[in-house]
Amino acid sequence: MFQSLSLHGQRLATTLYHECKMSARKIVHVDMDAFYASVEQRDSPELRGRPVVVAWRGKRSVVCAASYEARRFGVHSAMAATHAERLCPQAVFVPPDFTRYRAVSLAVREIFLRHTDLIEPLSLDEAYLDVTENKTGLATATKVASVIRKQIREELNLTASAGVAPNKFLAKIASDWRKPDGLFVIQPAEAENFLTRLPVGRIPGVGKVTEEKLAKFGMRTVGELRTRPLQELQSIFGRYGQRLFELARGIDENPVVPNRPTKSISAEDTFEQDVLLAETEPMIRRLAEKAWVASRTESRIARTVVLKLKTAEFRVLTRSQTPPSRQPLLKS
């Protein structure tokens, strides 16, 4: 009996500890709605209300983004452009303009900076913001998120969805909850109940393979995942088992990290026709030049070069080289 009370007390103390820990932070995750496609529709009125697919036409092209009108037909990013065309024959294909998208992304970031300096971009169209203390003196993180969305709509004529929560994990899930053009808040005390019925596939980082593996062991929802002891999850998933154990309980202590250093810089190209290996040198030199130019904006020095080649059979081959000396790989 005393052991039972002790264990209950320990669980209660752990729960209270994490609730206090979570309530100390106020995190907003902002995700622009169908960003590339929305920019195209904004700048070209004739595209508004039509299914827009941002991609080059061609059998080897992939979809960069799809408007919500195109998504109704099952079109989504990373899909082969030919498949998207079959799903939605009336789609309007627009070649991507990343220079323009980067400029809009910078304008969005300027809006973020009015509220906090703690901004961690994940890509051109989404970012985490720590607004535990905000520059504008707004009383709650929810008000900060509302104002940010309003400023994006009024100044950039675009929409964004936002999630507000005590940590990054929950904020990211929340931002997707009422897309497009939505705002959803998860309070610290609501986290575990909110997660219980959620499919494990909604956990960021759980891809198709991990989801299938979890289902194999009878864990299809976050609630079912939560019932499993840490040791069992670690035996199945190794070190990632600890992360799954914590996320199932809404625990994520990773801080928002502004100005995260770039891990890699790359350039790639897709060719309409197959190219013989002996003929690839000019293409490789051109891509190396692009990567070199992009690297000049970074303060870090590259030490490894990686070459990736995709064959006609869609096999991916990679080769890398790191010089043995301490001298930088590339010198200006």
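Laboratory data are not the source of any read-out in this text; all were calculated from the coordinates shown. On a predicted model such as this, the values are computed, not experimentally measured, just so you know. Every residue, glycine among them, receives a Cβ derived from its backbone with ideal geometry; neighbour counts consider all protein chains shown.
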- request: Take the stretch 37-88 and flag every residue that is part of a loop (DSSP other than H, G, I, E, B) and within 19 Å of S123 (Cβ to Cβ).
  value: A55, V63, C64, S67, H76, S77, A78, M79
query: Hey, among the residues in the stretch 170-186 that are assigned to a helix (DSSP H, G or I) and of a type in the set (A, V, I, L, M), which one's surrounded by the most Cβ atoms within 10 Å (Cβ to Cβ)?
result: A171
Considering residues of the stretch 118-154 that are of a type outside the set (K, R) and exposed (fewer than 13 other Cβ atoms within 10 Å of the Cβ) only, the residue farthest from P188 (Cα to Cα): E154
- prompt: Can you tell me which of R178, R249, R202 is touching a Ser or Thr at 6+ places or on another chain (Cβ under 9 Å) and under 23 Å from D125 (Cβ atoms)?
  reply: R178
In the stretch 215-242, residue nearest to S175 (Cα to Cα) [restricted to those that are aliphatic (A, V, I, L, M), in a helix (DSSP H, G or I) and without any contact (Cβ under 8 Å) to a residue 24 or more places away in the chain]: A215
